[in-house]
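A quick write-up on the structure given underneath.
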Amino acid sequence: MIDQETQALYDILLDAGAVKEQLDEALEERERSGKDFRDVVLDFGFCNDVELMNLIADNLGTEVVDLLQIDIPTATLDIVDPETARAYGVVAIRVENDLLYLAMRHPLDTAAVDDLRFILGRDFQVVVAPDEQFDEAIEKYYPFNAQDMAAMFGDLAQQQGEYENEDDLESAANSAPVVRFVDFVIRQAIKDKASDIHFEPFEHDFRVRYRVDGALYELPPPPKVLALPITSRVKILSGLNISERRVPQDGRIQTKLNGNPIDLRVSCLPTSYGESVVLRVLDRTVVNLSLDSLGMDQALLDKFREIIHLPNGILLVTGPTGSGKTTTLYSAINEINVIGDKILTAEDPVEYDIDGIVQVPINEAVGMTFEKALRAFLRQDPDRILVGEIRDFITAQIAVEASLTGHFVFSTLHTNDSASTVTRLVDMGLEPFLICSSLVGVLSQRLLRRVCYACKTAYTPSDEELERLEITREEVGNRPFYYGKGCQICKNTGYKGRKAICELMVMNPELSELIYNNAPTLEIQNKAIAQGMRTMREDGLISIYNGETSVDEVLRYT
């Protein structure tokens, strides 16, 4: 289905002389790739960015402006509050004869125009500006500083934290300072590409932290007495019951940042001093679902690609929580997502929508378990199946049955390395001969922080570091090691971004025989290494030699 904005741009280009067949082809590419229609139009070369802006401006009877070169009065900027500016991607640029001129990132989005007329309580003239200027302009004209938090809360912080009824609590949660604070925390976390946001109550303080590249960073804390209104605000946004604080609750927030949709999964947990609330940030503009972007060694990546194109079998991706298993699986099924195959996924929850794949959310509260989903999948004529996690014997057994009847099954398991995955499956109750018949490969992985590219510094490793890595100076040769000194880009951490280190155990007759004979984990591991499997420690060493990560990171995870 074509949205109003896409249809409007399609009609503009058609009126400007574009060939209908080519425009229809661009629409098909938009559906296939999930890209914005505007980006597809530019990729297809119908016109360049400047020509496209002028076409849109002519159609709307308006003008094109340079947001970064104009001088905007404060009184004009104040007409639009920062929350609205960020949510809708707009900047108020001037007022003439009481008519507001408003630059919009999506000027053809009539639904957004109607929303803004209602929010602002006035009419306005839309103007067009370069898409890439909006992020910088909104940060410039509508800044929001964490250091201003104390002043923002004002008299609200004087409350004693006791609320006579739910209405009082809801009123406090919806007060302007609390709304602005929660909005700021969410947007700051998204801007810094955080994966999680933590609101944590303690006896004497209330901490707010977010996780970037696997490490937690703390924001200036709000007053302790505002813990309840702030957590209640998050629960209101996610549709949860604010009066229920005795049992865990899960919810979801869908919002926009600079016009881009952001999905937040909310988890509330009762503690001794109030509810701990964690938000998992799912920003689709940040995640690159490409196997090439995972940072795997090329030889290992080639083997992995061979496995995912097999017609049947089970591929398991293992590692602890937060090791990137889901992203690896998404990247794998994204690569094999072709018209000729039907792919079904069962996930808890569905984290990213992928065009052309049937994705089923697991909901154990209503009885929709992995087991039930898998049984239903086998009646849906799939070619490939993704099971978010194998948690028990029954799920494992159905996955094996599916693989033995001509399906390829992807799934995850919580194990420390590739070889111990076999032991875990046996412990679940699977017969060794079934494992031999179905398992085609196990990828075990961890995510390591990358050394910051801007402050990367070479040094000669000490004897102590080499001893901890269990390697000799002869093995290192004259290769330097690297660390990050700390700079503004990496917020003085020395790290920016993450990469995967992996070990891939590919099944073969020798390994199958060991598994069939119930060989111990160490024997299976040694055989896999003898046949060419590189361990995660060895993969980590290569990352150190390549200057991608540090000694501390490799030792921390291997």
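The values are calculated or read from the model by the stated rules, or taken from the named source; none is laboratory data. Just so it is clear, the model here is predicted, and its values are computed rather than measured. Cβ placement follows ideal geometry from the backbone for every residue including glycine, while neighbour counts extend to all protein chains displayed. What goes into the accessible areas is simple: the full protein's heavy atoms, side chains included, and nothing from ligands, DNA or RNA. Shrake-Rupley method; radii C 1.70, N 1.55, O 1.52, S 1.80 Å.
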Inset, instruction - Kindly write out, for the stretch 310-315 in residue order, the coupling ³J(HN,Hα) from the Karplus curve 6.51 cos²θ - 1.76 cosθ + 1.60 (θ = phi - 60°), rounded to whole Hz, with x marking Gly and Pro. - result: 5, x, 8, x, 10, 10
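Which semi-axes, in whole Å and largest first, does the equivalent ellipsoid of the stretch 317-399 have when worked out from the alpha carbon gyration tensor as the square roots of 5 times its eigenvalues?
On the way: eigenvalues 70, 58, 28 Å².
The answer is 19, 17, 12 Å, longest axis first.
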Inset, instruction - Could you work out the mean projected area of the convex hull around the alpha carbons of the chain, in square nanometres to one decimal? - result: 30.8
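When the convex hull of the C-alpha atoms of the stretch 400-558 is computed, what volume per residue in Å³ does it have?
Expressed per residue, the convex hull around the Cα atoms of the stretch 400-558 is 132 Å³.
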Legend entry - Entries of 140/456; 303/456; 140/193; 303/527; 456/499; 303/325 with Cα pairs more than 21 Å apart: 140/456; 303/456
Legend entry - Cα→Cβ-extended label distance, 7 Å offset, between residue 78 and residue 485, nm: 4.5
Inset, instruction - Please give the residues of the stretch 447-482, grouped as numeric ranges, whose backbone N is less than 19 Å from a label point set 7 Å along the Cα-to-Cβ vector of residue 301. - result: 447-451, 453
Legend entry - Distance cut-off 19 Å, percentage of C-alpha pairs in the stretch 383-458 lying past it: 41
Legend entry - Percent accessible area from carbon and sulfur atoms, the chain, protein chains only, probe 1.4 Å: 47
Legend entry - Globularity ratio of the stretch 424-474, using Cα Rg and 2.2 N^0.38 Å: 2.09
Inset, instruction - Tell me, for the chain, which Cys residues have no other cysteine's C-beta sitting closer than 4.7 Å. - result: 47, 268, 436, 502
Legend entry - Span from the the stretch 365-408 Cα centroid across to the the stretch 1-65 one, whole angstrom: 42
Legend entry - Beta bridges by DSSP in the chain, antiparallel share as percent, to the nearest 5: 65
Inset, instruction - Can you work out the accessible area per residue across the chain, with the rest of the protein chains kept in place, probe 1.4 Å, in square angstrom? - result: 48
Inset, instruction - Kindly give Rg over Rh for the stretch 187-244, based on alpha-carbon atoms, with the Kirkwood expression for the hydrodynamic radius. - result: 0.99
Legend entry - Radius 11 Å from Cβ of residue 231, net charge of other residues (Lys, Arg +1; Asp, Glu -1): +1
Legend entry - Mean projected area in nm² (Cα convex hull; one quarter of hull surface) for the stretch 28-150: 9.3
Legend entry - Projected-area average for the stretch 1-83 over all orientations - Cα convex hull basis, square nanometres: 7.3
